[in-house]
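Notes follow the structure.
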Amino acid sequence: MSTRATPAATSARTTSIKVGLGQIAVSNDPEDVLAALGLGSCIGLTMFDPVAKVGGMVHVMLPESEIAQRPGPEGKYADTAIPALLAQVRRLGGEPGRLICKMAGGAQMFGNGSGGGMLNIGSRNAIAVRAALQSAGLRLKSAQTGGNFGRTLEMRVGSGVVTVRSVGGPTEEL
């Protein structure tokens, strides 16, 4: 099931669609911009088909659904998020063999002492997303993960251009 936040107009034509925690958004509208704001340990993953001009994004919170006490949104866990995003992109005409996948996030937000080792959710999220992509037969074209700072990830559906902006840093194309 897709969760699509209410679009907010950013200009007369461009529509920004915020992809919140555990949410998935897909679009074939060339004026849409999908955005995951404030990625810390979470992973923002994009998929884009340059032929069908279909794009999608998921905001992954945790590595695996087996730790869940009760079901959450499909986009919450890496192992359920990637198949769900792929299915939604395919419904709009995207073909797995043409998909360009990019991701950002996976930071360790809680200093050196806490959040390390098995609790390092950011690193575990990045590993789990890569594994889920591989399991789905998809390749990751580029990534910006790790560190100890937040990021915002955006994808322009019309062009497939993906940018990431680090807190206190410049906007870079992935």
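Can you spot a residue in the stretch 99-110 that is without any contact (Cβ under 8 Å) to a residue 40 or more places away in the chain, out of contact with any His (no Cβ under 9 Å at 6 or more places or on another chain), surrounded by fewer than 22 Cβ atoms within 10 Å (Cβ to Cβ) and under 22 Å from D29 (Cβ atoms)? Scanning the stretch 99-110, I find no residue that is without any contact (Cβ under 8 Å) to a residue 40 or more places away in the chain, out of contact with any His (no Cβ under 9 Å at 6 or more places or on another chain), surrounded by fewer than 22 Cβ atoms within 10 Å (Cβ to Cβ) and under 22 Å from D29 (Cβ atoms), so the answer is no. When R124, R165 are checked against the criterion of being under 22 Å from Q108 (Cα atoms), open to solvent by 60 Å² or more (accessible area, probe 1.4 Å) and assigned to a strand (DSSP E or B), a single residue qualifies: R165.
Could you tell me whether the stretch 63-71 includes any residue that is at pLDDT below 95 and among the small types (G, A, S)? Checked the stretch 63-71: at least one residue is at pLDDT below 95 and among the small types (G, A, S).
Kindly establish whether L92 is modelled with pLDDT of 95 or more, hydrophobic (A, V, I, L, M, F, W, C) and open to solvent by 50 Å² or more (accessible area, probe 1.4 Å). In short, yes. Scanning the stretch 34-47 for residues that are open to solvent by 10 Å² or more (accessible area, probe 1.4 Å) and either in a strand (DSSP E or B) or free of Cβ contacts under 8 Å to residues at least 12 places away in the same chain (or both) yields L37, G38. Filtering I127, I82, I43 for residues that are at pLDDT 95 or above, within 20 Å of E173 (Cβ to Cβ) and among the β-branched types (V, I, T) leaves a single hit, I43. When we screen Q88, Q144 for residues that are within 17 Å of S27 (Cα to Cα) and either in contact (Cβ under 8 Å) with a residue 24 or more places away in the chain or part of a strand (DSSP E or B) (or both), the only hit is Q88.
Of the residues in the stretch 75-83, none is touching a residue at least 24 places away in the same chain (Cβ under 8 Å), in contact with a His (Cβ under 9 Å, 6 or more places away or on another chain), in a strand (DSSP E or B) and not basic (K, R).
The values are calculated or read from the model by the stated rules, or taken from the named source; none is laboratory data. Bear in mind that the values here come from a model prediction, so they are computed numbers and not experimental data. Quick reminder, even Gly has a Cβ in these numbers, built from the backbone with ideal geometry, and neighbours come from all protein chains shown. These accessible areas exclude ligands, DNA and RNA; they are computed on the full protein's heavy atoms, side chains included. Shrake-Rupley method; radii C 1.70, N 1.55, O 1.52, S 1.80 Å.
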